[in-house]
Amino acid sequence: MRELLRVRGGAAGGGRIDLAAYAPSAIPAGPSDRAAGRAVTAALAEPLAELQERLYAASTAGGRRRLLLVLQGMDTSGKGGTVKHVIGLFNPSGCRITAFKAPTPEEREHPFLWRVEKALPRPGEIGIFDRSHYEDVLIARVRGLAPREVLERRYGEINAFERALAEDGVTVVKVFLHIGWEEQRERLLRRLDRPDKHWKFDPGDIEERGMWPAYQEAYERVLERCSTDAAPWYVVPADRKWYRNWAVSRLLLEHLEEMDPRYPPAGFDVEACRARLMAG
């Protein structure tokens, strides 16, 4: 799935990115229906949990490896749902979840990566960013919150930041949840239809939807400028929630398998301890 979902082109491969070439309702590989998708996603829980335990165990012996999942996408694309369903396959005590909102006054006094650095996973942990440092080149671009020369500089700062993370043992998995225009409208309408979902609706979402073309262009620039060998972007079709959950779970499994964390050897005499226990 890594090669299949990785963006074509971008900083690592050259060339422009056109999101119109990525169908948000596509099923490029894997299960073909909801029932099968849910079943195979559930089956990933055991291998994911084992790899997570091995990752944490390795950190107790000084291992520096950890994994960071970055989730970005338009409103209703399922960032929160992905956290709920995919991260639910892991032991929550080994996960560090951060949902980035608008910067606080204190955060605005620092460089834009300052608050991100504070939220990074520690050795042995799996970190999840619901939105991320990319907001500073997405909303800032669409809303005109920063001059273009500042945005251009930020792309480079992000690439350098992620490269440094990779060199320090962080495996960065960046996922763009790609939802379609019509599907977003249906999800917003469903929120209005259900009183128990009104809390998730903001009238400002309609205004944001009116800027859809500008956001699509902003995401294209992000995928183009910041998909590198050290931290590539993956485009996950998000119109089908069950497929989104399976695809992200599969991406995490493949990355953790490549990391191949190992249980550390015992720092004591196993047989001597066994003998003591048997003699007691």
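The values are calculated or read from the model by the stated rules, or taken from the named source; none is laboratory data. Source: prediction; values computed, not measured. Cβ coordinates were reconstructed from backbone atoms using ideal geometry, including for glycine residues, and neighbour counts include every protein chain displayed. Protein only, heavy atoms only, side chains kept; ligands, DNA and RNA dropped before computing areas. Shrake-Rupley method; radii C 1.70, N 1.55, O 1.52, S 1.80 Å.
Where is the GNM fluctuation largest for the chain (alpha-carbon springs, 10 angstrom cutoff): SER77, SER249, SER93?
The residue with the greatest mean-square fluctuation here is SER93.
Compute the length gained on full extension between LEU192 and ASP18: take 0.36 nm times their separation in residues and subtract their Cα-Cα distance, giving the result in nm to one decimal.
Contour length minus Cα-Cα distance gives 59.5 nm.
Are there trypsin sites (Lys or Arg not before Pro) in the range 90-130 that DSSP marks as loop and that have at most 13 other Cβ atoms within 10 Å, and which are they?
LYS101
For the range 150-163, just list the computed ³J(HN,Hα) in residue order, Karplus coefficients 6.51, -1.76 and 1.60, θ = phi - 60°, integers in Hz, with x standing in for Gly and Pro.
For the range 150-163, the Karplus-derived couplings read 5, 4, 4, 5, 5, 4, x, 5, 5, 4, 5, 4, 5, 5 Hz, x marking Gly and Pro.
Restrict the search to the range 60-142; then list the GluC sites (Glu not before Pro) that DSSP places in a loop and that have at most 12 other Cβ atoms within 10 Å of their Cβ.
Passing both the DSSP loop test and the Cβ count: GLU109.
For LYS174, list long-range residues whose amide hydrogen, built 1.01 Å from N in the peptide plane, is under 5 Å from its own amide hydrogen.
VAL70, TYR234
Please report the carbon-and-sulfur percent of the accessible area for the range 184-280; probe 1.4 Å, protein heavy atoms only, DNA, RNA and ligands left out.
Roughly 54 percent, rounded to a whole number.
What's the FRET efficiency of ARG274 with ALA45 using the Cβ-Cβ distance as r and R₀ = 25 Å, to the nearest 0.05?
The calculated FRET efficiency here is 0.20.
Decide, for the range 74-124, between rounded, prolate and oblate: order the square roots of the alpha carbon gyration tensor eigenvalues as a ≥ b ≥ c, take rounded if a/c falls under 1.5, and otherwise choose prolate if a/b is larger than b/c, else oblate.
Judged from the Cα gyration tensor, the range 74-124 comes out oblate (a/c at least 1.5, b/c at or above a/b).
Counting other Cβ atoms within 10 Å, which trypsin sites (Lys or Arg not before Pro) in the range 138-205 have at most 15 and lie in a DSSP loop?
Sites meeting the loop and neighbour criteria: ARG143.
Taking the range 88-156, how much of its Cα-Cα pair set, in percent, is spaced more than 13 angstrom apart?
Within the range 88-156, distances greater than 13 Å cover 69 percent of Cα pairs.
Counting only C-alpha contacts under 8 Å and six or more residues apart, can you give the relative contact order of the range 1-89 as a whole percent?
Once divided by the residue count of the range 1-89, the mean separation gives 20 percent.
Report the paramagnetic label zone for GLU157: residues of the range 118-141 whose backbone N is under 16 Å from a point 7 Å from Cα along the Cα-to-Cβ axis.
Residues passing the 16 Å test: 118-119, 132-141.
Find out how many positive minus negative residues lie around TYR219, taking Lys and Arg as positive, Asp and Glu as negative, among other residues whose Cβ is under 14 Å from that of TYR219.
-1
Using a 1.4 Å probe, what is the accessible area per residue for the chain, in Å²?
About 50 Å² of surface per residue is accessible.
For THR104, what is the net charge nearby, where nearby means another residue's Cβ is under 13 Å from its Cβ and Lys, Arg count +1, Asp, Glu -1?
With Lys, Arg at +1 and Asp, Glu at -1, the net is +1.
May I ask for the net charge around LEU68, where only other residues with Cβ less than 14 Å from the Cβ of LEU68 are counted and Lys, Arg are +1 while Asp, Glu are -1?
Taking every Cβ under 14 Å from that of LEU68, the sum is +3.
Please enumerate, by chain and number, the aspartates and glutamates with C-alpha under 16 Å from the C-alpha of LYS101, excluding those fewer than 8 residues away in the same chain.
Correct list for LYS101: ASP75, GLU109, GLU117, ASP130, GLU135, ASP136, ASP202, ASP205, GLU208.
When a/c is below 1.5 the answer is rounded, else prolate if a/b is larger than b/c, else oblate, so apply that to the chain with a ≥ b ≥ c taken from the square roots of the Cα gyration tensor eigenvalues.
Taking the square roots of the gyration eigenvalues as a ≥ b ≥ c, the chain is prolate.
Ignoring solvent entirely, what values of log10 I(q)/I(0) come out of the Debye formula for the range 80-198 at 0.11, 0.13 Å⁻¹ when each Cα is a single scatterer?
Listed by q, the Debye log ratios stand at -0.50, -0.69.
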